[in-house]
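*Asks:* Pasting in a structure now, in structure tokens, and then I'll have a few things to ask.
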Amino acid sequence: MTIMRDEPIASSLPPGLAGWSMDTTFDTTDDRELGGIVTSKPLLTGVIEGFYGRAWTPRQRLEMLDWIVGSGMNTFVYGPKDDIKIRARWREIYNAAEAAELQDLVEAARARKLNFMVAIAPCLDVVYSDASDLKALKRRLDQLLALGVKHFALLFDDIPRTMAAADDRAFDSFAAAQVYFTNSAFEHLKSQVEQPVLLFCPTEYCGAFAGHDVPGSAYLNTVGEGLNPEIGVFWTGPDIVSKTLSAEGLREIGRVLRRKPVIWENFHANDYDIRRVMAGPLGGRKAEILGLIDGLITNPNNEFEANFVPVHTTGAFARGVDVEGDALAAALPIWQKRFRLAFTQPTKLLPLEDVRLLVELFYQPFRQGPEVEALLQTARRMLSEAHPDVTSATWREGHAAITGLRDRIRNLFDLMTELENRDLFYAFHPYLWEAREEVTHLVTYLDWLAEGHPEGTEFPDRDRIYNFYRRGFTVAVQELLPRDPSGRYRHHL
Ligand code: GDL
């Protein structure tokens, strides 16, 4: 969908989103335990295109702005690792075509009253003490300021902690070098524009990178002490992809940083595991954390179309709504409108229960959807003995239930091939293919068990190449370091 610049916003929203309430000024409660830390800022909420891999298209970004508005959030951060001028070529300004593309986004965001933030990641080869590098950064900022950008992020994620020899001489530490560089950028922004916003992504952006000792991290303490208090700091939680974000953990990082963190939410990211997509609701976070953060910005799936429920439920969470219940239930029928089946007159949509099944199958990083998980549990029980009593009512019921799941997945797979929206189709196709293959294989096995094969006969494994899509170089390397059920490495297993 191309949005005309002077088109009124309400009419440019996708059907179903236009009437949604937009609450971008959601106020977080002051948290006294942080003592003395600025708390009155409105929560910065939204989406960061901040993953590795193929970036979204300009059209998808415009659509994402609508999703952000529709889910009551207020910010889009442009930061694809795939934009070479964000990271490897950070010193180079955008050419005319690239600048025009960004300008479109600036205007589209402005028309929707959204904050539009641009990331620059000078971290790979910057020499922090080199005046010409600071000049290069200012030139980049100036170009973006001229395009109307007022919100910026400086990213120092995923880099080695080594500095140029000149920096080792010039600064007490790696953190001090980054603090100097970032503070200087902020001073420059303040001299050019009123109320600029700058976020800093530290190299230690999660507890794991601070050796699981946040208060003891010299790096984070230096950032907390030295970084201009008006600059926000990104934090992903205890891990890069955090199962939970606890109030206690957020108080701890808040104390060290001397400000509340802005959460860079990787819960729905999938760039680190190409076999998965996270299409379910946000989870593992309780509303009590809202008073302990200055922002919640989600970095979701590479597949744009898989992100409707993630974005919607993240927005709902930021407004204090129960995500896995109310927000998910509200999002599904709206998302369903994108699942138009081609060649149907009048238009037919993928049935709601199939949209729900899609979400159940590709739910969250740490669990499947509840219904699918219950069925997997049934299958685990059925296969927990070498010679199960396949004539028992429980076993037969389980067999029927798993067969039913297979049939639903096959049906979903077939219907998805008819989607008019091919991006949506391809967003799930590889994952759905695997799901169908595996569950079909499982049912074939259960059928074979149920047939009561004669003692000593083997399941005809040659009918299917053994685990065919889990082969290749990566798996061969991974198999060198097997892990036991508790996750510990046992190379001799
Ligand atoms: C990261 C990267 C991010 C990536 C994510 C998930 C941060 C701050 N940086 O390490 O670009 O998408 O993990 O793989 O999260």
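*Asks:* For N299, all conditions in the list (1) in contact (Cβ under 8 Å) with a residue 12 or more places away in the chain; (2) of a type outside the set (A, V, I, L, M); (3) loosely packed, with under 14 Cβ neighbours inside 10 Å hold save one; what is the number of the exception?
*Replies:* Evaluating N299 over (1) in contact (Cβ under 8 Å) with a residue 12 or more places away in the chain; (2) of a type outside the set (A, V, I, L, M); (3) loosely packed, with under 14 Cβ neighbours inside 10 Å leaves (3) as the failure.
*Asks:* Every residue in segment 139-160 that is among the charged types (D, E, K, R), away from the ligand (no atom under 16 Å from the Cβ) and not in a helix (DSSP H, G or I), please.
*Replies:* Across segment 139-160, the qualifying residue is only K150.
*Asks:* For segment 161-175, state whether one or more residues are within 16 Å of the ligand (Cβ to nearest atom) and outside any helix (DSSP H, G or I).
*Replies:* yes
Conditions (1) open to solvent by 10 Å² or more (accessible area, probe 1.4 Å); (2) in contact with a strand residue (DSSP E or B) (Cβ under 8 Å, 6 or more places away or on another chain), marked per residue:
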| position | (1), (2) |
| --- | --- |
| P310 | no, yes |
| V321 | yes, no |
| W335 | no, no |
| P351 | yes, no |
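*Asks:* Could you check, for segment 233-243, whether at least one of its residues is in a helix (DSSP H, G or I), modelled with pLDDT of 95 or more, assigned by TED's automatic domain parsing to the domain that holds Q195 and of a type in the set (S, T, N, Q)?
*Replies:* No, segment 233-243 has no match at all.
*Asks:* Now for a separate question. Could you go through segment 191-198 and let me know if any residue there is out of contact with any His (no Cβ under 9 Å at 6 or more places or on another chain) and either under 21 Å from G254 (Cα atoms) or buried (at least 16 other Cβ atoms within 10 Å of the Cβ) (or both).
*Replies:* Step one: of segment 191-198, the residues out of contact with any His (no Cβ under 9 Å at 6 or more places or on another chain) are 191-195.
Within this subset, residues satisfying the condition of being either under 21 Å from G254 (Cα atoms) or buried (at least 16 other Cβ atoms within 10 Å of the Cβ) (or both) are none.
No, segment 191-198 contains no residue that is out of contact with any His (no Cβ under 9 Å at 6 or more places or on another chain) and either under 21 Å from G254 (Cα atoms) or buried (at least 16 other Cβ atoms within 10 Å of the Cβ) (or both).
*Asks:* Can you find a residue in segment 53-75 that is among the acidic types (D, E), open to solvent by less than 30 Å² (accessible area, probe 1.4 Å) and within 16 Å of the ligand (Cβ to nearest atom)? Please lay out each step first, then the result.
*Replies:* First pass over segment 53-75, keeping only residues among the acidic types (D, E): 63, 66.
From what is left, the residues that are open to solvent by less than 30 Å² (accessible area, probe 1.4 Å) are 63, 66.
Those left that are additionally within 16 Å of the ligand (Cβ to nearest atom): none.
No, that holds for no residue.
*Asks:* Can you tell me which residues in segment 39-52 are at pLDDT 95 or above and surrounded by 15 or more Cβ atoms within 10 Å (Cβ to Cβ)? Outline the logic, then answer.
*Replies:* Pass one, segment 39-52, residues at pLDDT 95 or above: 43-52.
Once the filter is applied, which keeps residues that are at pLDDT 95 or above and surrounded by 15 or more Cβ atoms within 10 Å (Cβ to Cβ), segment 39-52 yields L43, L44, T45, G46, V47, I48, E49, G50, F51.
*Asks:* Separate question: How many of the residues in segment 198-212 are without any contact (Cβ under 8 Å) to a residue 24 or more places away in the chain and closer than 16 Å to V262 by Cβ?
*Replies:* Matching residues across segment 198-212 total 1.
*Asks:* I'd like the residue in segment 263-279 that is more than 17 Å from A210 (Cβ to Cβ) and open to solvent by less than 10 Å² (accessible area, probe 1.4 Å) and, out of all such residues, is nearest to the ligand (Cβ to nearest atom). Explain how you work it out, then say what you get.
*Replies:* Of segment 263-279, the ones more than 17 Å from A210 (Cβ to Cβ) are 265, 267-279.
With the extra rule that they be open to solvent by less than 10 Å² (accessible area, probe 1.4 Å), the set shrinks to 265, 267-270, 277-279.
Numbers: E265: 9, F267: 10, H268: 10, A269: 4, N270: 8, V277: 13, M278: 11, A279: 16 Å.
So, considering only residues that are more than 17 Å from A210 (Cβ to Cβ) and open to solvent by less than 10 Å² (accessible area, probe 1.4 Å), the one nearest to the ligand (Cβ to nearest atom) is A269.
*Asks:* Could you tell me which residue of segment 239-255 is nearest to V179 (Cα to Cα), considering only residues that are more than 13 Å from the ligand (Cβ to nearest atom), without any contact (Cβ under 8 Å) to a residue 60 or more places away in the chain and open to solvent by less than 60 Å² (accessible area, probe 1.4 Å)?
*Replies:* Of everything passing the filter in segment 239-255, I253 is nearest to V179 (Cα to Cα).
*Asks:* Across segment 359-387, what is the total count of residues that are of a type in the set (S, T, N, Q) and part of a loop (DSSP other than H, G, I, E, B)? Give the derivation first.
*Replies:* Just the residues of segment 359-387 that are of a type in the set (S, T, N, Q), to begin with: 364, 368, 377-378, 384.
In the following step, the residues that additionally are part of a loop (DSSP other than H, G, I, E, B) were identified as 364, 368, 384.
Residues meeting the conditions: 3.
*Asks:* Residues of segment 134-162 being at pLDDT 95 or above and open to solvent by 10 Å² or more (accessible area, probe 1.4 Å), which ones? Outline the logic, then answer.
*Replies:* Of all residues in segment 134-162, those at pLDDT 95 or above come to 134-157.
Across segment 134-162, the qualifying residues are L134, K135, K138, R139, D142, Q143, L145, A146, L147, G148, K150, H151.
*Asks:* Consider segment 59-106. How many of its residues are part of a helix (DSSP H, G or I) and over 28 Å from R319 (Cα atoms)?
*Replies:* Final tally of qualifying residues: 9.
*Asks:* Right, next: Test each condition in (1) assigned by TED's automatic domain parsing to the domain that holds L43; (2) assigned to a loop (DSSP other than H, G, I, E, B); (3) in contact (Cβ under 8 Å) with a residue 12 or more places away in the chain for D273 and report the one that comes out false.
*Replies:* (3)
*Asks:* Report yes if some residue within segment 246-265 is within 24 Å of G79 (Cβ to Cβ) and among the hydroxyl-bearing types (S, T, Y); otherwise report no.
*Replies:* no
*Asks:* Among residues belonging to segment 178-190 that are open to solvent by less than 10 Å² (accessible area, probe 1.4 Å) and closer than 16 Å to H151 by Cα, point out the one that is nearest to the chain's Cα centre (by Cα).
*Replies:* Selected residue: T182.
*Asks:* Would you check if A146 is under 21 Å from Y78 (Cα atoms), without any contact (Cβ under 8 Å) to a residue 12 or more places away in the chain and in the same structural domain as A88 (by TED's automatic domain parsing)?
*Replies:* yes
*Asks:* Of the conditions (1) touching a residue at least 40 places away in the same chain (Cβ under 8 Å); (2) not in a loop (DSSP other than H, G, I, E, B), E397 clears all except one; give me its number.
*Replies:* (1)
The values are calculated or read from the model by the stated rules, or taken from the named source; none is laboratory data. Since we're looking at a predicted model, the values are computed, not measured. So basically every Cβ, Gly included, is an ideal-geometry build from the backbone, and we count neighbours across all protein chains shown. Ligands, DNA and RNA are excluded from the accessible area calculation, which covers all protein heavy atoms including side chains. Shrake-Rupley method; radii C 1.70, N 1.55, O 1.52, S 1.80 Å.
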